[in-house]
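Visitor: Supplied in structure tokens, the structure appears directly below.
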Amino acid sequence: MADELDELIDFLSNSSPQVRGAAADIVRGLTGDSDGLRSLAARADRALPALLRLLASVGGGGAGEAAADSLVNLSQDGDLAARLVVLGAVAAAMDVMVKRGGEQPKLARSLVMLLVNLTQVESGISALLQVGDEKVQGLYVAKLVRSFCRSSCDSEDEDIFEHIASILVNISKVEAGRRILMEPKRGLLKQIIGQFDSTNQLRKKGVAGTIRNCCFEADTQIQNLLSIAEYLWPALLLPVAGKKIYSEEDRSKMPPELANALSHEREAVDDSEIRERALEAIYMIVMQMMDERPFGQSMGHGYCRLVMKTKRT
């Protein structure tokens, strides 16, 4: 069996497209169960580079999709994910997605899922952020955000880029990622917040988690956060506001964009994870506002009263 598997890995680099495609399909099947994953992991020094070469091959076609699926399954292992990062998997995935993602949506979806796994490890986050190269730092992230915001779809089955939500959560766990997302000139966080209106729960959770993570920078980035307040506050407060239609008196104390949203009936956000992340973000922002200046204290107390009122309803 060992000799057969070694031969199969060799076939991934065969000069014949048909042979490469057949081998890639078999490898994809092997990565679908634990025994196959263990066997391939034991040969990772040969299997991973071969799969990456096949992925990057211009004429890869279906073989490229099979290679991407195999890499997604293999990269669930943190050690293998780290090895893939060293082999340049992040750059390869982004390059293929940009060049062929439009023509091969299934491939694009798999590449996004691969990046989700690769950004579970610290080296993968750094590679995606392009840390260390100031000329291109944040370029990959900007491309992903652009795809994420242009592709929203009511049908989750057709939402090719929905898993970018998880990538954004992963990269916003580190300071460098948060700063790229919050850089005013890029305007990435503002774009991301707009996806909170999506009917796709994965997107909503990802947006809520990303906002919450970015709020860990509130002590140094409060002005950047408040500069997009007209988008930020509705995204954070509506999940905890329930279905209640607020009185004119209550709404008169709110920012106009929030008052308008709370003036009519709406669907409640039932997902407890989204509500929890929203409350954590509100808390971090309000506490920083109250430390800033007297005006911030009054505004902060106002938001605190609103949150407490929504929690009781």
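Visitor: Please order C215, C149 by the number of other Cβ within 10 Å, starting at the fewest.
Guide: Neighbour counts put them in this order, fewest first: C149, C215.
Visitor: While we're looking at this one, here's another question. Explain nothing, just the number: relative contact order of the chain, from Cα pairs under 8 Å at least 6 residues apart, as a whole percent.
Guide: 10
Visitor: Please tell me the relative contact order of segment 1-129 in percent, rounded to the nearest whole number, where contacts are Cα pairs under 8 Å and at least six residues apart.
Guide: 22
Visitor: Given a 10 angstrom Cα cut-off, can you work out which residue in P255, P17, P184 is the most mobile in a GNM of the chain?
Guide: Checking each option, the largest mean-square fluctuation is seen for P255.
Visitor: Per 0.36 nm of contour for each residue apart, how much would the distance between E183 and D77 grow if the chain were fully extended, relative to their Cα-Cα spacing?
Guide: Answer, rounded to one decimal: 34.9 nm.
Visitor: Could you identify which residue out of D95, D133, D271 has the top mean-square fluctuation in a GNM of the chain using Cα springs shorter than 10 Å?
Guide: D133
Visitor: Could you point to the residue in C214, V240, I228 farthest towards the positive end of segment 199-245's charge dipole, with +1 and -1 charges on the Cβ of Lys/Arg and Asp/Glu respectively?
Guide: Farthest towards the positive end: V240.
Visitor: Taking a quarter of the surface of the Cα convex hull of the chain, what do you get in nm²?
Guide: 17.5
Visitor: Now for a different question. Can you give me the relative contact order of segment 172-261 as a percent, contacts being Cα pairs under 8 Å and 6 or more apart?
Guide: Reported relative contact order: 25 percent.
Visitor: Residue farthest toward the positive end of the dipole of segment 1-136, with Cβ of Lys/Arg at +1 and Asp/Glu at -1: which of G62, S15, S75?
Guide: In segment 1-136, that residue is G62.
Visitor: Based only on other Cβ atoms within 10 Å, what is the fewest-to-most ordering of V131, V121?
Guide: Final ranking by Cβ density, sparse to dense: V131, V121.
Visitor: Angle check, please: helix 229-241 long axis (alpha carbons) against the longest principal axis of the chain (alpha carbons), in degrees 0 to 90, nearest 10.
Guide: Helix 229-241 sits at roughly 90 degrees to that axis.
Visitor: When the Cα centres of segment 232-294 and segment 120-140 are compared, how far apart do they sit, in Å?
Guide: Answer, in whole Å: 33.
Visitor: Moving to a separate point now. May I ask for the angle, rounded to the nearest 10°, between helix 272-292 and the longest principal axis of the chain, with both axes built from Cα atoms and the value confined to 0 to 90°?
Guide: Roughly 60 degrees, rounded to the nearest 10.
Visitor: So for T119, T31, T199, fewest C-beta neighbours within 10 Å to most, what's the order?
Guide: Exposure proxy ranking, most exposed first: T199, T31, T119.
Visitor: 222 nm [θ] for the chain, helices only, -39500 (n - 2.57) per DSSP H run of 4+, per residue, to 500?
Guide: -21500 deg cm²/dmol
Visitor: Across segment 214-226, in residue order, what do the Karplus-derived ³J(HN,Hα) couplings come to in whole Hz, using 6.51 cos²θ - 1.76 cosθ + 1.60 with θ = phi - 60° and x for Gly and Pro?
Guide: Each residue's phi maps through the Karplus curve to give 5, 6, 5, 8, 4, 5, 10, 10, 4, 5, 5, 5, 6 Hz.
Visitor: Of A127, M94, F196, whose Cα points farthest to the positive end of the dipole of the chain (charges on the beta-carbon: +1 Lys, Arg; -1 Asp, Glu; origin at the Cα centre)?
Guide: Value computed over the given set: F196.
Visitor: Taking the chain as the reference, fit the longest principal axis to its C-alpha atoms, fit the long axis of helix 17-30 to the helix C-alpha atoms, and give the angle between the two in degrees, 0 to 90, nearest 10.
Guide: It works out to around 60 degrees.
Visitor: Restricting to lysine pairs 8 or more places apart or on different chains, what number in the chain have Cα atoms under 13 Å apart?
Guide: Summing the qualifying lysine pairs gives 5.
Visitor: Also: What is the magnitude of the charge dipole of the chain about its Cα centre, with +1 placed on the Cβ of each Lys and Arg, -1 on the Cβ of each Asp and Glu, and no other charges, expressed in debye to the nearest 20?
Guide: Taking the Cα centre of the chain as origin, the dipole is about 1040 debye.
Visitor: What nm value, rounded to one decimal, do you get for the distance between K253 and D3 when each label is placed 7 Å out toward the C-beta?
Guide: For K253 paired with D3, the spin-label model returns 8.1 nm.
Visitor: In terms of modelled amide H atoms, which long-range or inter-chain residues lie less than 5 Å from the amide H of I228?
Guide: Placed amide hydrogens put nothing under 5 Å from I228.
Visitor: Take the chain, connect every pair of alpha-carbon atoms lying under 10 Å apart with a spring to form a Gaussian network, then pick out the residue of S166, S227, S123 with the largest mean-square fluctuation.
Guide: Comparing S166, S227, S123 in a Gaussian network model of the chain, the most mobile one is S227.
Read-outs throughout are calculated quantities, based only on the coordinates presented, and are distinct from any laboratory measurement. These numbers come from a predicted model, not from an experiment. All Cβ positions, glycine included, derive from the backbone under ideal geometry; neighbour counts span all protein chains shown.
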